1. Can you tell me the mean projection area, over all orientations, of the convex hull of the chain's alpha carbons? Units nm², please.
2. P(r) for segment 153-246, please, calculated from all Cα pair distances in 5 Å bins and given in %.
3. I want to verify the translational diffusion coefficient of segment 1-85 in µm²/s; compute it with Stokes-Einstein, Rh as the Kirkwood radius over Cα pairs, at 4 °C and 1.567 mPa s.
4. Name the shape class, rounded, prolate or oblate, that the alpha-carbon gyration tensor gives for segment 72-140, where a ≥ b ≥ c are the square roots of its eigenvalues, rounded holds for a/c under 1.5, and otherwise prolate holds if a/b is larger than b/c and oblate otherwise.
5. I'd like the carbon and sulfur percentage of the solvent accessible area for segment 92-180, probe radius 1.4 Å, heavy atoms only, ligands and nucleic acids excluded.
6. Hey, what's the chain come to in accessible area per residue, 1.4 Å probe, Å²?
7. Can you bin segment 159-208 into rounded, prolate or oblate? Criterion: square roots of the alpha carbon gyration tensor eigenvalues sorted a ≥ b ≥ c, rounded for a/c under 1.5, prolate for a/b above b/c, oblate for the rest.
8. Shape of segment 200-244 from its Cα gyration tensor (a ≥ b ≥ c, root eigenvalues): rounded if a/c is under 1.5, otherwise prolate when a/b > b/c, or oblate?
Amino acid sequence: MPFLSKILIFPIKSLDGVEVTQASLLEGGAIAYDREFAIVDEQGKFVNGKRTEKVHALRSSFDLAARTVTLRVHNQSQFQTFHLDRERNALASWLSDYFGYTVTLQQNLYMGFPDDTEASGPTVISTATLETITSWFPGLSLEEIRHRVRANLEIDGVPPFWEDQLFGKLGQYVPFQIGDVAFLGSNPCQRCVVLTRNPWTGKRDSSFQKEFTIKRQQTLPNWAELSHFNHFFRLTVNTKVPPSETGKVLQIADEIKILQSQAIHSAASDEGNTKLPG
């Protein structure tokens, strides 16, 4: 039986994650605290790994209960701790000094700052998928691949790329359940330059994307819906969370079930009237 083996939360978009044993769902579909904050410049544009490799050299650790973040630069011993609410201006000043231009922190308590605002639920991948990708790149560890991928929910007890069953044809959703929480699988996530970089230094592997794309195409399972693959630099599944699931809790070891073989058309789900089996 597939089960939930890891929950990873990224409180500040693009910075390091926190592994937790349980997490609740926000009204907007995201996991509470995930991408709650985003670093933006004076034009309101994200300062993230897509934009600058300097993001990768920032080490961050979070105390979610205390609402603090501790920051340091990779391979440096000096660190500073900030309260995410009371010391946000000081935190922004520290980050501005690091990046070399003025940045601030924006907060979104409704859905955080997901890359896919249409499918704003947690991203899903299987442990076996991560292990398989690690085997493609000798010299890279499973933990490094996990840090590059930055998925929220990791599933164990399944074969590689099992999660590719969680999306249907373009414009359709696949309903599935983790514990007592209902989800709608949307699409395989289109990856960016972040996947090609060392997650701690930002150094880019110039051959990574080509090698990954070739291997991904060669190993694409027959249950994957091809209509999403105009290219094969795609990995993890984006999800939607129906409003009825707000406040429900995910926990490690929750069992995972695909609820029906036929996907739900997106129009029904967008209207908020989708009735999920079970």
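1. 14.6
2. Distribution as computed: 2, 12, 21, 21, 18, 13, 8, 4, 1 percent.
3. 91
4. Values: a/c = 2.81, a/b = 1.42, b/c = 1.98.
Oblate shape, in that a/c is at least 1.5 and b/c is the bigger or equal ratio.
5. 51
6. Values: 12880 Å² over 278 residues.
Accessible area per residue: 46 Å².
7. prolate
8. oblate
The values are calculated or read from the model by the stated rules, or taken from the named source; none is laboratory data. Predicted model, so just to flag it, every value in this text is computed and none were measured. Backbone-built Cβ (ideal geometry, glycine too); neighbour counts: all protein chains shown. Each accessible area value is taken on the protein alone, full model and side chains, heavy atoms only, with ligands, DNA and RNA left out. Shrake-Rupley method; radii C 1.70, N 1.55, O 1.52, S 1.80 Å.
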